[in-house]
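Colleague: Below you will find the structure I want to go over with you.
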Amino acid sequence: MTDSVRLSPGDAAPEFSLPTDNGDRLTLKDLRGRKVVLYAYPAAMTPGCTTEACDFRDNLGSLQAAGYEVVGISPDKPAKLAEFREHDAITFPLVSDEDKSVLTAYGAWGEKQSYGKTVTGVIRSTFVIDEDGQIERALYNVKATGHVAKLRRDLGID
């Protein structure tokens, strides 16, 4: 059971305008005309989220060569995101959704299982958004390890 609606291919990607790790704002409109991989993660500087972020960082060249921009979203404050970027040399934008409204709109905030308990939090998810702002893929409950390799295979990126 989740408090948010899950997105499906063909849905319009919910618009957002969020603060980034460097103090700017990033909007989905800014990215129109490019394909976007928006991935939601629970918390900067935690083991799984670091693994996933570093995996996206290490594969950024091939994703960008295939026309994809990568953006990470979490409820962390911009200062924490800046620390994360610095600590792990993250080379793509990280956006802060402190009130969780964007995460909720994407279906990436709600009830989930964590160590056998039901908790409310970020549902680790990845969204592939096309050049026109439509959801191409909505992947929920992804694993931090191996996810980027699977995503690349699914998108046909060598």
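Readers should treat all values here as calculations from the given coordinates under stated rules, not as data from a laboratory. Just so it is clear, the model here is predicted, and its values are computed rather than measured. Glycine gets a Cβ as well: all are built from the backbone with ideal geometry, and neighbour counts include every protein chain shown.
Colleague: Do you know which of the residues in the stretch 60-79 that are among the aliphatic types (A, V, I, L, M) and not in a helix (DSSP H, G or I) is nearest to Gly156 (Cα to Cα)? Spell out the reasoning first.
Modeller: Pass one, the stretch 60-79, residues among the aliphatic types (A, V, I, L, M): 60, 63, 65-66, 70-71, 73, 79.
If we keep only those that are not in a helix (DSSP H, G or I) too, we end up with 66, 70-71, 73.
Working: Ala66: 9, Val70: 16, Val71: 20, Ile73: 24 Å.
Within the stretch 60-79, the match that is nearest to Gly156 (Cα to Cα) is Ala66.
Colleague: Would you mention how many residues in the stretch 105-158 are of a type in the set (Asp, Glu) and outside any loop (DSSP other than H, G, I, E, B)? Please lay out each step first, then the result.
Modeller: Residues of the stretch 105-158 that are of a type in the set (Asp, Glu), as a first pass: 111, 130-132, 136, 154, 158.
Next cut, outside any loop (DSSP other than H, G, I, E, B) only: 111, 136, 154.
Total meeting the criteria: 3.
Colleague: Show the residue pairs meeting these rules: Cβ distance below 6 Å; 6+ apart or different chains; first residue within the stretch 94-112 and touching a residue at least 12 places away in the same chain (Cβ under 8 Å) and under 14 Å from Ile123 (Cα atoms); second residue surrounded by 17 or more Cβ atoms within 10 Å (Cβ to Cβ) and of a type in the set (Gly, Ala, Ser).
Modeller: Leu103/Ala40; Ala108/Ala40; Ala108/Ser125
Colleague: Is it the case that the stretch 92-99 has a residue that's of a type in the set (Phe, Trp, Tyr), surrounded by fewer than 20 Cβ atoms within 10 Å (Cβ to Cβ) and more than 18 Å from Val37 (Cα to Cα)? Walk me through how you get there before you give the answer.
Modeller: Here is the first cut: in the stretch 92-99, the ones of a type in the set (Phe, Trp, Tyr) are 92.
Right, trim to surrounded by fewer than 20 Cβ atoms within 10 Å (Cβ to Cβ) and you get 92.
Now drop any that are not more than 18 Å from Val37 (Cα to Cα), which leaves none.
Scanning the stretch 92-99 turns up no residue that is of a type in the set (Phe, Trp, Tyr), surrounded by fewer than 20 Cβ atoms within 10 Å (Cβ to Cβ) and more than 18 Å from Val37 (Cα to Cα).
Colleague: I need the full set of residues from the stretch 37-59 which are assigned to a helix (DSSP H, G or I) and touching a Ser or Thr at 6+ places or on another chain (Cβ under 7 Å), in order please. Walk me through how you get there before you give the answer.
Modeller: Here is the first cut: in the stretch 37-59, the residues assigned to a helix (DSSP H, G or I) are 47-59.
Within the stretch 37-59, Thr51, Arg57 qualify.
Colleague: So which residues in the stretch 113-144 are in contact (Cβ under 8 Å) with a residue 24 or more places away in the chain, polar (S, T, N, Q) and loosely packed, with under 12 Cβ neighbours inside 10 Å?
Modeller: Asn141, the sole residue that qualifies.
Colleague: OK, next. Hey, among the residues in the stretch 109-132 that are touching an Asp or Glu at 6+ places or on another chain (Cβ under 9 Å) and not β-branched (Val, Ile, Thr), which one's farthest from Thr50 (Cα to Cα)?
Modeller: The qualifying residue farthest from Thr50 (Cα to Cα) is Asp130.
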